[in-house]
Amino acid sequence: MAAVSADNVAFVYPSGVKAVEGLSICVRHGEVYGLLGLNGAGKTSVIKMLATLLRPTSGSIRIFDLDTMERPAEIKRRIGVVPQENNLDTYLDVRQNLIFHCRYAGMAKKIYAPLVDEWLALLGLEGKATESVLRLSGGTKRKAMLAKAFLTGPELLILDEPTAGLDPDVRALLWDRVGEFRRNGGTVFLSTHYLEEAERLCDRIGILHSGRVVAEGTVADLAHWAGQASAQQGGVAAAFRRAVGGCL
Amino acid sequence: MKFMLALLRRAATADIAAARLTAVRMLVQPAVYLFVFGHVVGGMLPAQNGGYAGIMAPGIVAISLITGPFVTVGGGVISGYYFRTMEEWLLAPVSLRAILAALVFGGLCYGLIGGAVVAALVWAILGLAPQNAGYMALTATVGALLFSLFTLVVLLVPETPDKGQEVFSFLMMPMTFFGCTFYSYDMLGAPFSYLALMLPTTYIAEGLRAAYRPDSPHMEAGMVLAGLSLAAAVLVPLADWAFRRRFRDFTW
């Protein structure tokens with residue numbers, strides 16, 4: 001059973017814009033799968049469909065063998081999502097944001113209280129715990145978003161450009177946390193437009209262009225596809241250039 | 001149920017953090033209204049059927065019953081749009097209908113709390129207490145529920161809630177002033193009496209008026225209940241449709 005499987009998925013916005021077309025992917029348990037693409041390639045639409053926020057116009061998506069259209073609540077119980085844009089509650093402080101995220105998930109206080117403290121400490125947010133989110137830097141907001149995604153004990157992390165615009169130290173911290181999650185058996189689906197991030201974190205990478213996966217495989221596979229003899233540094237970049245062609 | 005209580009608690013936490021603003025909205029504003037229009041102006045007007053204070057005080061309770069849901073439900077939807085907190089709620093492991101129910105429940109609770117606070121102010125400032133507590137509780141509950149649903153419909157039928165806000169501003173003024181809040185229905189002549197029948201505020205205010213002063217002129221209970229039931233019959237499916245249509249595919 002795959003952690004994520006998408007079968008010939010298309011998504012068309014009500015305006016008629018085709019965001020995703022003929023998308024078929026399979027992410028195995030414990031795998032880190034990266035979706036690479038230019039801005040507007042359809043990455044966020046894919047992420048939103050995986051997170052059950054959008055329904056595929058055609059085709060089907062299954063998370064842990066559950067259909068996203070039929071059993072969204074069960075799926076949401078097993079995933080942690082970091083959307084592209086922060087969705088922190090501006091009426092609450094950082095700690096309250098984490099606490100309410102757990103309460104929305106139906107967690108009991110005795111379960112979430114130590115976890116909130118643990119994640120505040122792990123991400124270096126103790127000093128910001130009572131700060132209004134309106135006064136936080138972009139990096140701190142992103143850390144709080146990451147903490148929310150981990151707090152409910154997900155089996156699958158869905159990350160939409162999690163490190164976009166972040167300082168290198170925050171980016172490294174996030175990579176560490178994702179690595180730790182993966183070592184503990186978690187599955188990760190992430191979208192990014194940073195080639196280095198995809199190359200460093202992902203077991204397999206799909207390159208999305210104009211709503212279609214035009215290349216997919218390990219770093220070595222992609223380097224080979226791009227015509228490089230070995231999986232040398234820059235193989236993903238070469239594959240990316242080949243996949244998106246004149247759009248770069 | 002857990003999600004419902006969590007969302008209600010979130011609204012309370014946000015209100016406690018903005019305690020001064022909450023106090024002004026829930027306590028000071030209605031107190032000023034009641035003092036000026038009930039105590040001062042009411043004292044100047046010739047006493048008729050228990051005086052003007054007895055006519056307008058239930059109307060002020062009605063206004064608090066409808067502004068509570070507007071602030072809670074409307075505030076939730078609008079901040080959900082601008083700050084994307086709606087996405088946070090949509091990612092909670094509950095159904096869409098559970099999120100809808102939680103928002104409506106929050107509006108209902110806030111409407112009832114606001115109504116109870118103003119009812120206490122009415123008693124403290126004007127010395128008026130409801131004569132029929134059961135009828136008042138029923139009218140207040142249905143009224144707050146209707147305006148929770150109404151707020152959702154107005155904000156979610158347009159593509160984005162900022163457009164709904166404009167519609168809301170356009171509707172709230174006539175709802176308040178033509179909906180028998182500052183005068184009783186029997187004081188209206190045609191065509192205003194017909195216009196007032198189309199506004200749910202009329203039935204809420206008249207129901208409360210009947211609960212406060214059963215001996216003074218007011219709309220018949222059957223008419224009040226029919227009006228509220230009709231509004232509910234329209235708003236319950238409409239709010240459900242608007243909510244599911246807007247959030248089955250989250251494109252904000």
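With axes computed from alpha carbons, what is the tilt in degrees of helix B:2-17 against the longest principal axis of chain B, rounded to the nearest 10 within 0 to 90?
70 degrees
Give the distance, in whole Å, between the Cα centre of region A:131-182 and the Cα centre of region B:106-160.
If you average the Cα positions of each part, the centres end up 41 Å apart.
Which residues make up the longest stretch of chain B clear of GluC sites (Glu not before Pro) that lie in a DSSP loop with no more than 13 other Cβ atoms within 10 Å, not counting the sites?
Between exposed loop sites, the widest span is B:1-158.
In Å² (nearest 100), what accessible area is buried between A and B, both sides summed, heavy protein atoms only, 1.4 Å probe?
2700 Å²
Mind checking the dipole of region B:1-160: about its Cα centre, +1 per Lys or Arg Cβ, -1 per Asp or Glu Cβ, Debye to the nearest 20? Intermediate results must be reported in sequence, preceding the final value.
Details: 7 positive and 4 negative charges, 47 e Å.
With only Lys, Arg, Asp and Glu charged at Cβ, the dipole is about 220 debye.
Can you give me the three principal axis dimensions of chain B from its C-alpha atoms, in Å, biggest first?
Over chain B, Cα extents along the principal axes are 57, 38, 31 Å.
Could you please tell me the mean projected area of the C-alpha convex hull for region B:32-100, averaged over all directions and given in square nanometres to one decimal? Display every interim value, and only then the final one.
On the way: hull surface 26.5 nm².
Value for region B:32-100: 6.6 nm².
Near the amide H of A:L35, under 5 Å away, which other amide H atoms are found, from residues 5 or more places off or on another chain, if H is placed in the peptide plane?
When sequence neighbours closer than 5 places are left aside, the close amide H contacts are A:L190, A:S191, A:T192, A:G206.
Please list 3J(HN,Hα) in residue order for region B:180-196, calculated via the Karplus relation 6.51 cos²θ - 1.76 cosθ + 1.60 where θ = phi - 60°; whole Hz, with x for glycine and proline.
These are the phi-based 3J(HN,Hα) values: 6, 7, 9, 8, 8, 4, 5, 7, 8, x, 5, x, 5, 5, 6, 4, 4 Hz.
For labels at A:S24 and B:A116 in the simple 7 Å Cα→Cβ model, what's the distance in nm?
So the label points at A:S24 and B:A116 sit 6.0 nm apart.
Enter the accessible area of A:C26 (Å², nearest 10), with the probe set to 1.4 Å and all protein chains included.
60 Å²
For region B:241-252, take each phi angle, set θ = phi - 60°, evaluate the Karplus expression 6.51 cos²θ - 1.76 cosθ + 1.60, and give the result in whole Hz per residue in order, putting x for glycine and proline.
Coupling constants for region B:241-252: 5, 4, 5, 5, 5, 6, 10, 4, 10, 8, 10, 5 Hz.
In whole Hz, with x marking every Gly and Pro, tabulate ³J(HN,Hα) for region A:193-199 from phi via Karplus 6.51 cos²θ - 1.76 cosθ + 1.60, θ = phi - 60°.
Going residue by residue, I get 10, 8, 4, 4, 5, 4, 5 Hz, with x marking Gly and Pro.
Express in nm, to one decimal, how much length is gained between B:D215 and B:R20 on full extension, taking 0.36 nm for each residue of separation and deducting their alpha carbon distance.
Stretched out fully, the B:D215 to B:R20 stretch lengthens by 66.3 nm.
Quick one: work out Rg over Rh on the C-alpha atoms of region A:144-248, Rh as Kirkwood radius.
When Rh is taken as the Kirkwood radius, the ratio is 0.99.
Under a point spin-label approximation (7 Å from Cα along Cα-to-Cβ), what is the B:A124-A:V17 distance to one decimal in nm?
According to this spin-label approximation, the distance is 5.3 nm.
Past 32 Å, Cα to Cα: identify those pairs from A:K128/B:K163; A:K18/A:K109; A:K43/A:K109; A:K43/B:K163, in the order given.
A:K128/B:K163; A:K18/A:K109; A:K43/A:K109
Name the residues whose placed amide hydrogens come within less than 5 Å of the amide hydrogen of A:R28, ignoring near sequence neighbours (fewer than 5 apart) on the same chain.
Under 5 Å from the amide H of A:R28: A:A3.
For a quick check: with amide H placed at 1.01 Å from N, whose amide H comes under 5 Å from A:E21's, ignoring anything fewer than 5 positions away on the same chain?
A:F11, A:R212
Sticking to Cα atoms, compute the Rg of region A:88-153 to one decimal and its Dmax as the biggest Cα-Cα distance, whole number, in Å.
Over region A:88-153's Cα set, Rg and Dmax evaluate to 10.6, 30 Å.
Any chance you could list the semi-axes, whole Å, largest first, of the equivalent ellipsoid that the Cα gyration tensor gives for chain A, using √(5λ)?
Sorted largest first and rounded, they come to 30, 21, 17 Å.
Using label points projected 7 Å from each Cα along Cα→Cβ, tell me how many nm separate A:D7 and B:L197, to one decimal.
It is 5.8 nm.
At R0 = 25 Å, how high is the FRET efficiency between A:L134 and A:D169 if r is their beta carbon distance? Nearest 0.05 is fine. Intermediate results must be reported in sequence, preceding the final value.
Working: r = 23 Å, r/R0 = 0.92.
That gives a FRET efficiency of 0.60.
The values are calculated or read from the model by the stated rules, or taken from the named source; none is laboratory data. All of these numbers come straight from a predicted model, not from anything done at the bench. As a convention, Cβ positions derive from the backbone with ideal geometry for all residues, glycine included, and neighbour counts pool all protein chains shown. Protein only, heavy atoms only, side chains kept; ligands, DNA and RNA dropped before computing areas. Shrake-Rupley method; radii C 1.70, N 1.55, O 1.52, S 1.80 Å.
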